[in-house]
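Have a look at the structure below, then the notes.
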Amino acid sequence: MAAGPSPSRRKNVAATAEHAAIVFDLKAQGLSYRAIEAITAALDGPTGGKRIAASTVGELIRDEAARRVDPRVDEWRAIQIERLESVLRDHRALRDAHWQRAMGTEEKGPEVAAALAVDRALNGMARVVEQESKVLGIHVTKIEAQVTEVTQQDLEMQEIIAEAKAKVAAEEAALRGEASE
């Protein structure tokens with residue numbers, strides 16, 4: 001017996017890619033998966049009567065979207081990272097140019113203007129690194145949380161309030177029952 005799938009079970013990669021492009025374009029026109037299935041089943045349809053099931057439509061759309069979009073996104077990311085790296089080099093050069101004067105020497109103290117230039121360069125470097133992490137999708141978002149300590153008295157008070165609410169609700173229900181009779 002021969003290894004691999006039988007010739008009748010092999011996928012035609014070129015036809016699958018063509019069908020994926022057709023299905024993607026139909027979905028881009030706003031058609032539903034079921035409508036695409038019906039259109040492709042028609043003999044005069046874009047696939048020549050080769051019906052593409054609605055479940056397969058979703059897979060083909062994902063594959064085609066990845067094929068069409070991902071290379072462009074990666075190219076855009078590379079361009080953005082290159083641009084940010086250039087800005088980062090400029091900030092490093094600014095920092096290095098003013099560092100010695102900003103730190104000062106034993107005979108001469110630090111210069112305020114140089115220290116401000118170093119501070120601007122360091123802040124700029126931090127912003128560039130933050131932008132790079134956003135472009136790469138690794139940006140960490142700060143989460144602020146407030147912790148409140150709950151004491152035993154607080155729990156008892158919540159229980160008393162819950163009991164009082166239940167009692168009021170029961171009384172209201174009883175009054176409504178009497179009013180409706």
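Positive end of the dipole of region 87-181 (Cβ unit charges, origin at the Cα centre): among 170, 105, 146, the Cα lying farthest that way belongs to 105. Springs join every pair of Cα atoms under 10 Å in this Gaussian network model of the chain, and among 151, 40, 56 the largest mean-square fluctuation is at 151.
For the chain, the solvent-accessible area with a 1.4 angstrom probe is 78 square angstrom per residue.
Can you give me the relative contact order of region 96-166 as a percent, contacts being Cα pairs under 8 Å and 6 or more apart?
Details: 28 pairs, mean separation 12.3, N = 71.
With pairs under 8 Å counted, the relative contact order is 17 percent.
In loop segments of region 145-174 as defined by DSSP, the GluC sites (Glu not before Pro) with at most 16 further C-beta atoms inside 10 Å of their C-beta are 149. Relative contact order for the chain: 12 percent, from Cα pairs under 8 Å spaced at least 6 residues apart, divided by residue count.
What do you reckon, how do 128, 73 stack up by accessible area (1.4 Å probe), largest on top? Mind showing how you got there, number by number?
Working: 128 10, 73 50 Å².
Final ranking, largest accessible area leading: 73, 128.
On alpha-carbon atoms, Rg over Rh for the chain using Kirkwood Rh? Walk me through the intermediate numbers first.
Numbers: Rg = 33.7 Å, Rh = 25.1 Å.
With Rg and the Kirkwood Rh in hand, the quotient comes to 1.34.
Within the listed set 20, 93, 170, the residue fluctuating most in the Gaussian network model of the chain (springs between alpha-carbon atoms under 10 angstrom) is 170.
Might you report the magnitude of the Cβ-based charge dipole of the chain about its Cα centre, with Lys and Arg at +1 and Asp and Glu at -1, to the nearest 20 debye? Walk me through the intermediate numbers first.
Details: 25 positive and 30 negative charges, 298 e Å.
Once rounded to the nearest 20, the dipole reads 1440 debye.
A crude spin-label estimate for the pair residue 73 and residue 178, with each label 7 Å from Cα along the Cβ direction, gives 6.6 nm.
Given +1 at the Cβ of Lys and Arg, -1 at the Cβ of Asp and Glu and no other charges, the dipole of region 86-181 around its Cα centre is 1040 debye to the nearest 20. Region 83-142 and region 36-64 have their alpha-carbon centroids 55 Å apart. For region 108-176, report the % of Cα-Cα distances exceeding 20 Å. More than 20 Å apart: 69 percent of the Cα pairs in region 108-176. Among 153, 80, 29, the largest mean-square fluctuation in a Gaussian network model of the chain (Cα springs under 10 Å) belongs to 153. Treating each Cα of region 10-85 as an identical point scatterer and summing with the Debye formula, the log10 of I(q)/I(0) at q = 0.20 Å⁻¹ comes to -0.80.
Carbon-plus-sulfur fraction of the accessible area of the chain, 1.4 Å probe, in percent?
Values: 7900 of 14200 Å².
For the chain, the apolar C and S fraction of the accessible surface comes to 56 percent.
Placing 108, 165, 27 in order of accessible area, with the largest value first and a 1.4 Å probe, yields 165, 108, 27.
The values are calculated or read from the model by the stated rules, or taken from the named source; none is laboratory data. As the structure is a computational prediction, the values presented were derived from the model and not from experiment. Positions of Cβ are generated from backbone atoms using ideal geometry, with glycine treated the same way; all protein chains shown enter the neighbour counts. Note: areas computed on protein heavy atoms with side chains; ligands, DNA, RNA excluded. Shrake-Rupley method; radii C 1.70, N 1.55, O 1.52, S 1.80 Å.
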